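To start, the structure under review is shown below, and the notes come after it.
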Amino acid sequence: MHIKIISIFPEMFYPIINYGITKQAINKKKLQIQLIQLRNFSNNKRKNIDDRPYGGGAGMIFTAPPLKRAIHFSKLKSKTPIKVIYLSPQGKKINQKNIDELMKNHTLILICGRYEGIDERIILTEIDEEWSIGDYVLSGGELAAMVLIDVITRFIPGVIKKKQSLIEESFFHGILDCPHYTRPKKISGIHVPKILLSGNHKKICEWKIQTAIKNTLKKRPDLLKNINYKKITKSKL
Ligand code: ADE
């Protein structure tokens, strides 16, 4: 997967390039990240990329011409399907299900806005989809883009070794994950549930499903509305 990021703060992405699962994916050549400085596409000496909004109002807006040039530059030489995504609080909310849609595109161009946003005509003519990471306003799209990249990377085939770990984690079946325990067997007077030490895989599997449902009921009952229980109980957790 190839992800190109257009931003005025490309250095903000160094942590995901240098740490964790994204770094591993880059090293394995499963993920390629290209940082594009929007200011390099400004036509003026001061490298301005923003201006005051027509009609007045607080804050500045990213002007259309540098963005347009940066997007066209990013599309050059790409032979695979490309999707141009604008990270914005007005976008469709990212969840585990709709990540699949994005994975179908080999190349993603992520536009990170700042200030009050970008000129609407870019959204109308250049952007394929607007995506949000939640109903709150961040000071820029960079953090949202990093969240999106992290979520996507975990689903690139070959990045996470055990497919099982994806199947078992929260949201895979639309519900939360079961509780987890590791050594020592007793801590703060609380023992590891006996069933997990029994070696009985069928019973352990049932326990995982039951506790996952209980956990969801307690913490996120809203998730249980659209759940296919048959599918969960049939699946090999
Ligand atoms: N930019 C600012 N706020 C955002 C949000 N909630 N999601 C995605 N991009 C954003």
Taking CYS112, CYS178, CYS205 and counting other beta carbon atoms within 10 angstrom, the fewest-first order is CYS205, CYS178, CYS112
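What order do you get for ASP177, ASP100, ASP50 when you list them from fewest to most C-beta neighbours inside 10 Å? Mind dumping the intermediate values first?
On the way: ASP177 17, ASP100 9, ASP50 20.
The order, fewest Cβ neighbours first, is ASP100, ASP177, ASP50.
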Within the set ASP135, ASP51, ASP222, GNM on the chain using Cα springs under 10 Å gives the largest fluctuation to ASP222
To the nearest 20 debye, the chain has a Cα-centred charge dipole, built from +1 on Lys and Arg Cβ and -1 on Asp and Glu Cβ, of 1420
Relative to the chain, whose Cα atoms define the longest principal axis, helix 64-75 and its Cα axis are tilted in degrees, nearest 10, by 60
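Determine the gain in length on full extension of the stretch LEU166-ILE99; use 0.36 nm per residue of separation and subtract their C-alpha separation, reporting nm with one decimal.
Values: separation 67, 0.36 × 67 = 24.12 nm, distance 1.36 nm.
Between LEU166 and ILE99, full extension yields an extra 22.8 nm.
Considering only the range 2-155, what is the antiparallel percent among its DSSP beta bridges, to the nearest 5?
Numbers: 3 of 26 bridges.
For the range 2-155, the DSSP antiparallel bridge percentage is about 10.
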Of SER74, SER88, SER42, the most mobile residue in a GNM of the chain (C-alpha springs, cutoff 10 Å) is SER42
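Distances longer than 33 Å among the Cα atoms of the chain: what percent of all pairs is that?
Values: 9319 of 27966 pairs.
Every Cα pair in the chain considered, those over 33 Å come to 33 percent.
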Candidates PRO221, PRO184, PRO65; GNM for the chain (alpha-carbon contacts under 10 Å) flags as most fluctuating PRO184
For TYR115, TYR181, ascending order of other Cβ atoms within 10 Å (fewest first) is TYR181, TYR115
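Just from its helices, what would the mean residue ellipticity at 222 nm be for the chain, if runs of 4 or more DSSP H residues each count -39500 (n - 2.57) and the sum is divided by every residue, rounded to the nearest 500 deg cm²/dmol? All intermediate terms of the calculation are to be shown ahead of the outcome.
Values: 9 runs with 80 residues, N = 237.
Mean residue ellipticity, 222 nm, calculated: -9500 deg cm²/dmol.
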Set LYS47/LYS77; LYS93/LYS161; LYS97/LYS218; LYS29/LYS225; LYS30/LYS214, cut-off 31 Å on Cα-Cα distance; pairs above it are LYS29/LYS225; LYS30/LYS214
For the chain, longest principal axis from Cα atoms; helix 142-154 axis from its Cα atoms; angle between them, nearest 10 degrees, is 40
Of all stretches in the chain that avoid trypsin sites (Lys or Arg not before Pro) placed in a DSSP loop and having at most 12 other Cβ atoms within 10 Å, the longest is 105-160
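What's the extension gain from TYR136 to LYS92 if we count 0.36 nm per residue and subtract their Cα-Cα distance? Write down the numbers at each step before the final one.
On the way: separation 44, 0.36 × 44 = 15.84 nm, distance 1.29 nm.
Extending this stretch completely gives an extra 14.6 nm.
The numbers here are math on the coordinates, done by the rules we state, and not lab data. A quick note: this is a predicted structure, and the numbers were derived from the prediction, not measured. Quick reminder, even Gly has a Cβ in these numbers, built from the backbone with ideal geometry, and neighbours come from all protein chains shown.
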